[in-house]
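The values are calculated or read from the model by the stated rules, or taken from the named source; none is laboratory data. Being a predicted model, the structure only gives us computed values, none of them experimental. Quick reminder, even Gly has a Cβ in these numbers, built from the backbone with ideal geometry, and neighbours come from all protein chains shown.
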Amino acid sequence: MNIASNVVIIGGGPAGLMAAETLSHRGLKVKLFDAMPSVGRKFLLAGRGGLNLTHAEDMADFVRRYGKRQVAINSWLNEFGPQSLRKWAENLGIETFVGTSGRVFPTGMKAAPLLRSWLHQLRAKGVQFYMRHRWTGWQDNQLRFSTGSGDVLCKADVVVLALGGASWPQLGSNGDWLPILKSRGVAIAPLEPSNCGFDVSWSEHFKLNFAGEPLAPIAITYSNAEAVTFRRLGQFIISEYGVEGSLIYALSGLFRDQIKAQGSIQIHLDLLPDLPLHRAVQHCSHPRGSRSMAGHLQSRLNLRGVKTALLREFCTPETLTNPVLLANAIKALPLTLKSPRPISEVISTAGGVRFEAMDQHLMIKELPGYFCAGEMLDWEAPTGGYLLTACMASGRVAGKAALTWLAKNR
């Protein structure tokens, strides 16, 4: 079977859908292909607990969330930033609000109503969707897709690739596009876990009794290879395998890179981040009489549950009975992170098509007329709306650039 189109989008996540929206405004024949039975599957899953669209913090702080790629991504956000995203959602009939943490959510909290409205709009503009079409490369200078009833070939004037990374592969992003692009000489950084949990060697007793317990408030202190010390306040969760949750995810890129360099890393937990060390020493030094250690810590410091269990997990008997050593452990409990969780389990991935392999408009230098968008590019960002905002912004940029290229090369 052969298909012809002005524009082909490969990938039906937020970046691909935004590229399709941008391109369909000009009356072009836009065809979107995706390997899954329906589009936006990862988008829908991410929104089950409340769809975090973007973040309302100051723009300078927002841009810094993108680390080493902040200059390039800032150019995307100038095209489609947090306020543009909120206005876009409003035009789809979805009102938004800013939560107490600064995160922006749809009023109804769910992803499904927004996606339904978006798809309705795209179909009204003539975008055609081809589901269960997995891109496998080229044949006779045409795009080749594998389907349940055989291969399909498609000739396109311009192509936007928005194939995602390799997290949550059951939802479609499995990274099987890497060898296809590598075979054409496209420079690609290896995919790595991002926004991920880490393995810790818990005792069986601790795992059995405290997996799933939240730690809040808590602060993490960490010194990197250059002896620069970071301290971050927040919360995370004890898991059966180790640690996960928002505070861990925010630091995961830093931790991952150091583990890769040295095998494992040690961080320090401040179990009582609002209490100065000297006050902790005073409380630990207070006679406990007939009370147990757990009762003493709860009475004097309101330290209980999983926090007390962490002290027992990692402190020697000498530390637990020495007030100064115990206070120091409460304020800086060492915790060794062994390895990040597998890519298939993580929220997002780092790595992908290198920025050096593209021009400033996201066109692949080795493949003129092919543009990239979304998580398949070599960047990463923490959760909190930053990932989704930049994915959609990159789709807008790639779509506009594809329009310009098409106008010049018809």
Checklist entry - Of all residues in segment 32-70, which are closer than 17 Å to L114 by Cβ and either in contact with a His (Cβ under 7 Å, 6 or more places away or on another chain) or small (G, A, S) (or both)? => result S38, G40, A46, G47, G49, G50
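Pull up segment 183-210, narrow it to residues that are of a type in the set (D, E, K, R) and under 29 Å from G385 (Cα atoms), then point me to the one that is surrounded by the most Cβ atoms within 10 Å (Cβ to Cβ).
Initially, segment 183-210 is screened for residues of a type in the set (D, E, K, R), giving 184, 192, 199, 204, 207.
Those still in the list that are under 29 Å from G385 (Cα atoms) too: 192, 199.
Values: E192: 22, D199: 17.
Filtering segment 183-210 for residues that are of a type in the set (D, E, K, R) and under 29 Å from G385 (Cα atoms), the one surrounded by the most Cβ atoms within 10 Å (Cβ to Cβ) comes out as E192.
Every residue, every condition in (1) small (G, A, S); (2) closer than 23 Å to A216 by Cα; (3) at pLDDT 95 or above, yes or no:
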{"site": "S290", "(1), (2), (3)": "yes, no, no"}
{"site": "L297", "(1), (2), (3)": "no, yes, no"}
{"site": "R304", "(1), (2), (3)": "no, yes, no"}
{"site": "A309", "(1), (2), (3)": "yes, yes, no"}
{"site": "T321", "(1), (2), (3)": "no, no, no"}
Checklist outcome for this item: Of all strands (runs of 3 or more DSSP E) fully inside segment 91-150, the set with 3 or more residues that are over 21 Å from L32 (Cβ atoms) is 96-98, 103-106
Item to check | Sole residue being touching a helix residue (DSSP H, G or I) at 6+ places or on another chain (Cβ under 7 Å) and among the charged types (D, E, K, R), chosen from E213, E226, E244, E204 | outcome: E213
Item to check | Hits in segment 186-212 (condition: more than 17 Å from E313 (Cα to Cα) and among the β-branched types (V, I, T)) | outcome: V186, I188
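Please verify whether segment 319-333 includes one or more residues that are among the aliphatic types (A, V, I, L, M), surrounded by fewer than 14 Cβ atoms within 10 Å (Cβ to Cβ) and at negative phi.
Taking segment 319-333 first, the residues among the aliphatic types (A, V, I, L, M) are 320, 324-327, 329-330, 332-333.
Those left that are additionally surrounded by fewer than 14 Cβ atoms within 10 Å (Cβ to Cβ): 324.
Adding the requirement that they be at negative phi leaves 324.
So far as segment 319-333 goes, yes, one or more of its residues are among the aliphatic types (A, V, I, L, M), surrounded by fewer than 14 Cβ atoms within 10 Å (Cβ to Cβ) and at negative phi.
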Checklist entry - Which residue out of D270, D274 is over 27 Å from G49 (Cβ atoms), among the acidic types (D, E), surrounded by fewer than 18 Cβ atoms within 10 Å (Cβ to Cβ) and touching a residue at least 12 places away in the same chain (Cβ under 8 Å)? => result D274
Item to check | Pairs where the first residue, in segment 282-298, is under 13 Å from V324 (Cβ atoms) and the second is at pLDDT below 85 and of a type in the set (A, V, I, L, M), C-beta under 6 Å, 6+ apart | outcome: H283/L301
Checklist outcome for this item: So, first residue over 14 Å from G351 (Cβ atoms) in segment 167-178, second residue assigned to a helix (DSSP H, G or I) and of a type in the set (A, V, I, L, M, F, W, C), Cβ within less than 8 Å, six or more apart or across chains; the pairs are W168/L45; L171/L45
Checklist entry - Do we have any residue at all in segment 221-242 that's among the aromatic types (F, W, Y), surrounded by fewer than 16 Cβ atoms within 10 Å (Cβ to Cβ) and either at pLDDT 95 or above or over 20 Å from the mean Cα position of the chain (by Cα) (or both)? => result yes
Item to check | Meets criteria (at pLDDT below 95, aromatic (F, W, Y) and in the same structural domain as R396 (by TED's automatic domain parsing)) for F105 | outcome: yes
Checklist entry - Mind checking which residues of segment 360-410 are buried (at least 22 other Cβ atoms within 10 Å of the Cβ), of a type in the set (V, I, T) and touching a strand residue (DSSP E or B) at 6+ places or on another chain (Cβ under 6 Å)? => result T389
Checklist entry - Name the residues in segment 22-65 that are surrounded by fewer than 21 Cβ atoms within 10 Å (Cβ to Cβ), in contact (Cβ under 8 Å) with a residue 12 or more places away in the chain and part of a helix (DSSP H, G or I), would you? => result R41, L44, L45, M59, V63
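What residue, of L115, L85, is buried (at least 20 other Cβ atoms within 10 Å of the Cβ), modelled with pLDDT under 95, under 23 Å from the mean Cα position of the chain (by Cα) and within 25 Å of G49 (Cβ to Cβ)? Break it down into steps so the answer makes sense when it comes.
On the way: L85 fails: modelled with pLDDT under 95.
Just one listed residue meets the conditions, L115.
Just checking: which of the strands (runs of 3 or more DSSP E) contained wholly in segment 166-278 hold 1 or more residues that are assigned by TED's automatic domain parsing to the domain that holds M131? Steps first, please.
On the way: elements: 188-194, 214-223, 229-238, 242-244, 265-270.
Filter on segment 166-278 gives 188-194.
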